[in-house]
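Nothing in this text is a laboratory measurement; each read-out follows from the coordinates by a stated rule. Here the structure is a predicted model, which is why all the values come from computation and not from measurement. Ideal geometry is used to build each Cβ from the backbone, glycine not excepted, and the neighbour counts take in all protein chains shown.
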């Protein structure tokens, strides 16, 4: 078991020439103490998409999850938790979709130091004037350098030199890949330096090594780094400087790994690095070899196969199988409800259409077509109307004949009466004629 003591850690967390600070660090600037063992530096990405929130969420997640002795599985658990927190924030703030962050982490414990990183923020392990270990930036141009398509000098000035191909962006975006390394060769006076790319804009690696190897206090050394960034850096710049006071005992080494979180939460461990092998230079720049030739700095060489999966992966697998069983059970219940409901409705409709069963079979035969009631009623009404019209016509004919007969009789009677009157008048005239004659005869005599 290794016991590591440190001096008071020092931090930078500056906005630089930007409008807002997307960097976040843990512990907060000015709060770190000699008893602290976890240090995190993150550089948010996404601009208006809340990069500062992503870096804060990741710092808080590792502060909450990392305790005791760290290993790839513990780092995976913390990463998974951080991704879930990012997804939750995006669900509450849709405008933050696309946010993410880089990650650098240093954890000191009884098995040495665990270093994890994602993106282009870096962790240096420096002793005297030697860079014993440095993380490899996850940048697109670095892939071109490794493939021989670009030289290191061309990569430094390439228009896409700042494009990273890894970041912590949430589980719904894509799985996070983190490089995890263990350092067991730790001595008094060693420096661990965590920094964002804003620091690297203000200071070259060689200059950083010379500053840390110079005489003076750690406060003065960090102040010199800050002065360089004030002049040269165009970005936010943040860093943690951790100096080892003493390191005693031995550590049990485990294989350093490339840790990948899949969509379902499983952990993939791939062989990556030998943490005990000294690496004086990295793959992003060049240095002098012993024979005076310039050589490209390379990352740690591969070693043994990875360790078997830790309990977290097994637990995740069990949880997944349980979840699948629950989902299948729910689907089966829903299907049975749908089928049962359909069968019930079918039986109900069939029961309405069938007559009551009296105990013997009834043979159904199609009924002959019958006129609708409405048509039969109409036919009857029309027949009745025709009969009424016929009766009316007959009655009208009888009435006409009777009226004609009566009128003829009246006419005859009137003719008879007129004849009688004529006879009376004739008789009167006849009677009046002799009288007149008598009167005429009498008058002469008088």
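Given a Förster distance of 41 angstrom, what is the FRET efficiency for residue 165 paired with residue 334, based on the Cβ-Cβ distance and rounded to 0.05? The computed FRET efficiency comes out at 0.45. Residue exposure proxy: 99, 1, ordered by other Cβ atoms within 10 angstrom of their Cβ from fewest to most, comes out as 1, 99. Where a ≥ b ≥ c are the square roots of the eigenvalues of the C-alpha gyration tensor, would you call segment 1-124 rounded, which needs a/c under 1.5, or, failing that, prolate if a/b is larger than b/c, or oblate? Judged from the Cα gyration tensor, segment 1-124 comes out oblate (a/c at least 1.5, b/c at or above a/b). Packing, as the average of other Cβ atoms within 10 Å across residues, places the peptides 139-146, 326-333, 244-251 in the order 139-146, 244-251, 326-333, highest first.
Here 120, 23, 383, 36 are placed in order of increasing Cβ neighbour count within 10 Å, fewest first, which gives 383, 36, 120, 23. Would you mind classifying segment 82-154 by shape? Square roots of the alpha carbon gyration tensor eigenvalues, ordered a ≥ b ≥ c; an a/c under 1.5 is rounded, otherwise it is prolate if a/b is larger than b/c and oblate if not. Taking the square roots of the gyration eigenvalues as a ≥ b ≥ c, segment 82-154 is oblate.
Does segment 107-234 classify as rounded, prolate or oblate by the C-alpha gyration tensor (a ≥ b ≥ c root eigenvalues; a/c under 1.5 gives rounded; else a/b over b/c gives prolate, otherwise oblate)? Because a/c hits 1.5 or more and a/b fails to exceed b/c, segment 107-234 counts as oblate. Arranged from fewest to most other beta-carbon atoms within 10 Å of their beta carbon, 349, 75 become 349, 75.
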